[in-house]
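The values are calculated or read from the model by the stated rules, or taken from the named source; none is laboratory data. What you see is a predicted model, and the numbers here were worked out from it, not measured in a lab. Glycine gets a Cβ as well: all are built from the backbone with ideal geometry, and neighbour counts include every protein chain shown.
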Amino acid sequence: MTVALSGEEIAARLEEKFPGSVVESGADSLLVKSGSWLEIASYLKTTAGLDFDYLTAITAVDYYDYFEVVYQLTSIKHNHSLVVKTRCYGRDNPTLPSVVSLWRGADFQEREIYDLMGISFDGHPNLKRIVLWEGFEGHPLRKDYRRW
Amino acid sequence: MVIKTEPFVVNIGPAHPSTHGVFRMRTTLDGEVIVDMEPVFGYLHRGIEKLAEERTYTGCIPLTDRLDYLASMSNNLAYCLAVEKLAGIPVPERAEYIRVIMAELQRIASHLIAVGSFLNDCGAFMTPILYMIREREKILDLFEMVCGQRLTYNYMRVGGVSQDIPDEFLPALDKFLKEMPGWIDEYDRLLKENEILLARSKGVGILPRELAVNTSASGPVFRASGVKWDIRRADPYSIYDRFEFDIPTGSVGDCYDRYRVRIEEMQQSLRILKQAMEQLPKGEVRSDVPHLIRPPVGEAYGHIEAPKGELGFYLVSDNSIAPYRFHVRAPTLINLTALRDMMVGWKVADLIIIFGSIDICMGEVDR
């Protein structure tokens with residue numbers, strides 16, 4: 001059985017290593033500041049005992065005031081998982097750091113979020129639309145998107 | 001004398017018999033050798049994630065049928081599990097068993113198409129795939145018995161399945177379970193040690209273990225690279241912890257390993273089916289669920305080991321009758337991430353085989 005690590009415990013460890021980086025934490029997930037996300041991701045991937053070597057999925061959710069990007073991390077080695085969230089604000093050009101340099105599995109998923117939700121990922125090697133065509137206006141998965 | 005040639009770009013697809021749907025590979029070739037490859041897709045994008053936000057939770061089930069249309073039962077199951085997790089809905093024992101039976105039959109049906117079309121791409125033109133379609137038809141007959149459909153089943157419901165299995169189902173399933181091992185032997189006699197198949201697929205399109213983990217590959221592609229990772233075992237959902245089965249893995253991660261893993265998985269699915277059929281209890285097939293489900297505010301990620309890999313649904317609820325966010329973790333989309341690495345350095349003829357060995361379904365890649 002995959003053990004879902006407690007967000008609070010991981011948050012306490014992160015707070016020690018990167019003070020002020022965790023915004024809030026709950027039993028099943030934790031929310032980190034987007035500025036420190038790449039450092040935290042690298043820490044989660046490389047620290048012995050955590051070893052989050054497998055990025056299961058990335059999703060973005062539009063809450064009008066902000067976009068929340070959700071990372072489902074798994075460790076194949078220890079069979080445990082963690083849900084990390086981060087937020088980005090503004091609707092014109094919300095930006096987050098890309099994690100492709102750590103997990104290449106993020107490549108198409110970040111492009112998909114860029115395409116459908118309109119969030120840019122800094123440091124992505126090939127950030128362009130993936131399912132819609134170049135020149136398409138708007139980002140359909142945003143809640144305020146209207147075709148008519 | 002050596003003739004110098006410039007690399008040139010060739011578009012393979014979008015409409016090409018070997019691309020299993022509308023998929024384009026923008027390849028850069030140096031003579032016959034692949035220097036670079038970029039997958040281009042989206043031709044079948046129907047905006048399923050957006051459509052789902054305007055439907056009720058039950059109304060989304062037919063949409064999931066249309067993701068990976070060669071494995072609709074598995075899609076139904078993954079989605080229903082996610083909603084049940086979100087809303088805390090129990091599932092009756094009998095329904096759990098019926099779901100496992102359907103999911104494993106679906107795995108066999110999907111792998112038959114995967115292996116058949118892979119062999120077709122290898123040049124064993126039409127013979128193996130027709131054998132395999134013959135067997136798949138029997139599975140479709142079983143599905144037709146329970147829900148009247150042969151492709152998009154819409155059979156599972158939140159909290160169970162839509163209706164109980166008919167009386168003639170179990171004898172028919174029993175007959176299938178007795179016949180299928182012989183058919184798998186028949187494929188092996190035809191192909192397992194076939195010179196041409198070995199020459200074309202052994203050592204071709206290798207996906208090393210580290211790369212497979214780093215690119216989030218899943219399913220048979222992942223296991224062929226030597227990772228013993230199957231969600232039915234790693235994170236058992238439904239009642240999979242009650243069955244005995246092995247997880248076949250490959251050693252090298254080449255096309256041949258991927259083909260073998262699928263054949264062996266079919267045999268393991270037959271084992272699970274046999275156990276599930278013997279243990280099938282009597283009782284209700286659906287718990288008492290309101291027509292309009294209003295899960296509490298929150299989110300849930302439900303995942304299963306679908307035939308093609310880890311299929312996950314991420315749902316966010318705002319306590320209304322429709323999902324606030326409906327995201328599909330599509331296994332075949334993510335399995336394509338490593339496609340370029342598997343192809344570079346091989347020849348055009350191998351490209352077709354490597355692509356065929358991944359087993360993609362465009363309905364799921366594009367959504």
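Descriptive notes on the structure:
- Members of segment A:66-111 that are facing another protein chain (nearest Cβ under 8 Å) and of a type in the set (D, E, K, R): A:ARG104, A:ASP107
- Those residues of segment A:112-126 which are in a loop (DSSP other than H, G, I, E, B) and either away from chain B (no Cβ under 14 Å) or surrounded by 19 or more Cβ atoms within 10 Å (Cβ to Cβ) (or both), in sequence order: A:GLY118, A:ILE119, A:GLY123, A:HIS124
- Within this structure, B:GLU278 fails the test of being of a type in the set (D, E, K, R) and part of a strand (DSSP E or B).
- The criterion of being modelled with pLDDT of 90 or more, within 13 Å of chain B (Cβ to nearest Cβ) and either surrounded by fewer than 17 Cβ atoms within 10 Å (Cβ to Cβ) or within 23 Å of B:ARG46 (Cα to Cα) (or both) does not hold for A:GLU134.
- Checking each residue of segment B:228-240 against the condition of being touching a Ser or Thr at 6+ places or on another chain (Cβ under 7 Å), surrounded by 15 or more Cβ atoms within 10 Å (Cβ to Cβ) and either within 14 Å of chain A (Cβ to nearest Cβ) or farther than 30 Å from B:VAL289 by Cα (or both) gives at least one match.
- Matching residues in segment B:23-44 - criterion: being away from chain A (no Cβ under 14 Å) and either touching a helix residue (DSSP H, G or I) at 6+ places or on another chain (Cβ under 9 Å) or within 27 Å of B:ALA103 (Cα to Cα) (or both): B:MET25, B:THR27, B:LEU29, B:GLU32, B:VAL33, B:ILE34
For (1) under 28 Å from B:CYS80 (Cβ atoms); (2) of a type in the set (S, T, N, Q); (3) loosely packed, with under 15 Cβ neighbours inside 10 Å; (4) without any contact (Cβ under 8 Å) to a residue 12 or more places away in the chain, each residue gets a yes or a no:
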| residue | (1), (2), (3), (4) |
| --- | --- |
| B:ARG150 | yes, no, yes, yes |
| B:MET180 | yes, no, no, no |
| B:ARG189 | no, no, yes, yes |
| B:LYS202 | no, no, yes, no |
| B:ALA212 | no, no, no, no |
| B:PRO220 | yes, no, no, no |
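- Within segment B:45-91, the set of residues being at positive phi and either in contact with a Ser or Thr (Cβ under 8 Å, 6 or more places away or on another chain) or within 13 Å of chain A (Cβ to nearest Cβ) (or both) comprises B:GLY47 only.
- Selection within segment B:47-74 - under 27 Å from B:ARG136 (Cα atoms) and of a type outside the set (A, V, I, L, M, F, W, C): B:PRO62, B:THR64, B:ASP65, B:ARG66, B:ASP68, B:TYR69, B:SER72, B:SER74
- Residue in segment A:39-46 that is within 13 Å of chain B (Cβ to nearest Cβ), buried (at least 16 other Cβ atoms within 10 Å of the Cβ) and in contact with a His (Cβ under 6 Å, 6 or more places away or on another chain) present: no
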